[in-house]
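FYI, it's all coordinate maths here, none of it is from the lab. None of these values were measured; they are calculated from a predicted model. Methodologically, a virtual Cβ is constructed for each residue, glycine included, from the backbone with ideal geometry; neighbour enumeration extends over all protein chains shown.
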Amino acid sequence: MTDARNVISEALREARTPCLTSSFQAECVVLTHMLLDVRPDIPVLFLDTYHHFAATLAYRDEMAERWNLNLVNLRAAEPRGGLWQAESTDACCARHKVGPLFSALEAYDVWFTALRRDQSPSRATLQDVEPFRLPSGRTIQRVSPLAAWTAKDVWTYAKRHDIPLLPLYEQGYTSIGCEPCTSLPPDPANPRSGRWQGQKLECGIHIQAK
């Protein structure tokens, strides 16, 4: 766990305009807690996708008030309910997640994420710090201080620091995104198996432009 704090310190030493993205899942809240210790004013970017669980939005507001977060809610210019069903989950993610986030990231040079290598095969080669190319061609640094952590590490930290977690975990959810595309995990060995009905592994925000 000390290594995560070292990664944060090194990244902030070089950063001019850092930010953190948070979906307010357990790992995101743990990373936020760490960053607030050294950068209490860091912008916390939340993608308001128009399809969140009501519980997620209520928890976001609770934690934003409790920790006095510099919360930045990102929304699509023209949100469209039900796009995941009318067209595809890719179209919905592109409009409500990928587009708004990549546009917002143009204002920052260091992007902190709570990604972990053990979350998915698509994240197995994740580095603590790596360049990330935006669609505009601009490159920023993506920093993942929890890359080597496990789910157990996250929950241990949260318990140790008395951090309340999203109540949806108590209902059996293990990876929580938009309500229409999140279900209880059909494969207990794969925490993300309840996302997108198994259609894909990523929404697109962690995939670099080519």
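Details
- Between L134 and Y169, the contour length at 0.36 nm per residue exceeds the alpha carbon distance by 9.4 nm.
- If R0 is 45 Å, the Cβ-Cβ spacing of A58 and Q127 corresponds to a FRET efficiency of close to 0.85.
- The loop-placed trypsin sites (Lys or Arg not before Pro) in the range 7-103, going by DSSP, that have at most 10 neighbouring Cβ atoms within 10 Å of their Cβ come out as R16.
- Cα gyration tensor shape of the range 1-79, rounded if a/c is under 1.5, else prolate or oblate by comparing a/b with b/c: prolate
- A straight chain from Q197 to R39 at 0.36 nm per residue would run longer than the Cα-Cα distance by 53.1 nm.
- Shape category assigned to the range 79-198 from the gyration tensor of Cα positions, a/c cut at 1.5: oblate
- Net charge of neighbours whose Cβ lies under 10 Å from the Cβ of R138, counting Lys and Arg as +1 and Asp and Glu as -1: -1
- Qualifying chymotrypsin sites (Phe, Trp or Tyr not before Pro) in the range 46-117, DSSP loop, other Cβ atoms within 10 Å at most 16: Y50, W67
- Based on DSSP H segments of at least four residues, each scored -39500 (n - 2.57), the chain has a per-residue ellipticity at 222 nm of -9000 deg cm²/dmol.
- Spin-label pair D90-L71: with each label point 7 Å from Cα along the Cα-Cβ axis, the two points sit 3.3 nm from one another.
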